[in-house]
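Student: First, the structure itself, so that you have it in front of you.
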Amino acid sequence: MSNASSSQSVASVVVVDYGLGNLRSVTRGLERAGADVEITDDPDAFADADGVVLPGVGAFREGVENADPLRADLLEVAADGTPLFGICLGMQMLLTTSEEGETDGDAAVQGLDLIPGTNVRFAEGQKVPHMGWNELGIERDHPLIEGVDGEYAYFVHSYYATPDDKEATVATTDYEREFPSIIANDDGTVFGTQFHPEKSGETGLQILRNFVELCAEP
């Protein structure tokens, strides 16, 4: 692999196209961070990539249903130890379920269950969505947040992740209550940000660079 100072890309990254998410801005952010990016729903491309990004905006149920044809392929990415990065709704889909999926008479919609837990709505009376810039407080080490602590990132969401294991929380943010804004699995190869790194200026670019470097590791 070439190093980050080279004009060549550091790593090949797939952005999963399942019909939801601002794919162009995520792609531009990753390219600025040094990645060679392909937007695709082709599972063969997932297998060949150094890293996979699951973006997403909108409702949990719609996200999970849209991505369902790719469920086995995304689980395979995680099983292979290829870095899998969920952004916003994509992060929420890494968990087991969401209150948002529990509409009247319907069973809870299953997420990917790569980081066990559920997504819950901000409390009654809180202004939703939580929208705008807010601070990241680092809880533990992870390669994704190298060089980032106390920085501000850009959020737009009404639900937040509550992992079953507190150790899954990498960073928290305060919005009348503290919630996990970065989570990761035990192996550290599956992780997500509730905020949009591609809209978070230099801080977001640092996180995307860290992700690309993680993908480039042999």
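The values are calculated or read from the model by the stated rules, or taken from the named source; none is laboratory data. Predicted model only: the values in this text are computed from it and were never measured. Don't worry about glycine lacking a Cβ; one is built from the backbone with ideal geometry, like all the others, and counts go over all protein chains shown. For the accessible areas, the whole protein counts, side chains as well, though only heavy atoms, and no ligand, DNA or RNA atoms are used. Shrake-Rupley method; radii C 1.70, N 1.55, O 1.52, S 1.80 Å.
Student: Using the structure shown, decide if Gly29 is at pLDDT 95 or above, open to solvent by less than 30 Å² (accessible area, probe 1.4 Å) and closer than 15 Å to Thr193 by Cα.
Tutor: yes
Student: Just to check your reading of the model, which residue among Ala78, Ala108, Ala72, Ala59 is open to solvent by 10 Å² or more (accessible area, probe 1.4 Å), more than 14 Å from the chain's Cα centre (by Cα), among the hydrophobic types (A, V, I, L, M, F, W, C) and modelled with pLDDT of 95 or more?
Tutor: Ala72
Student: Which residues, taken from region 194-218, are basic (Lys, Arg) and open to solvent by less than 40 Å² (accessible area, probe 1.4 Å)?
Tutor: none
Student: Which condition does Asn119 not pass, out of (1) under 17 Å from Val15 (Cα atoms); (2) in a strand (DSSP E or B); (3) of a type outside the set (A, V, I, L, M, F, W, C), if it passes all the others?
Tutor: Here Asn119 clears every test but (1).
Student: Would you mind telling me which numbered condition in (1) assigned to a strand (DSSP E or B); (2) open to solvent by 10 Å² or more (accessible area, probe 1.4 Å) Gly150 fails?
Tutor: Looking at each condition in turn, Gly150 falls short on (1).
Student: Further question on the same structure: Conditions first: (1) touching a Gly at 6+ places or on another chain (Cβ under 8 Å); (2) open to solvent by 10 Å² or more (accessible area, probe 1.4 Å); (3) within 23 Å of Leu112 (Cα to Cα). Phe191 passes all but one, so which condition is the exception?
Tutor: Exception for Phe191: condition (2).
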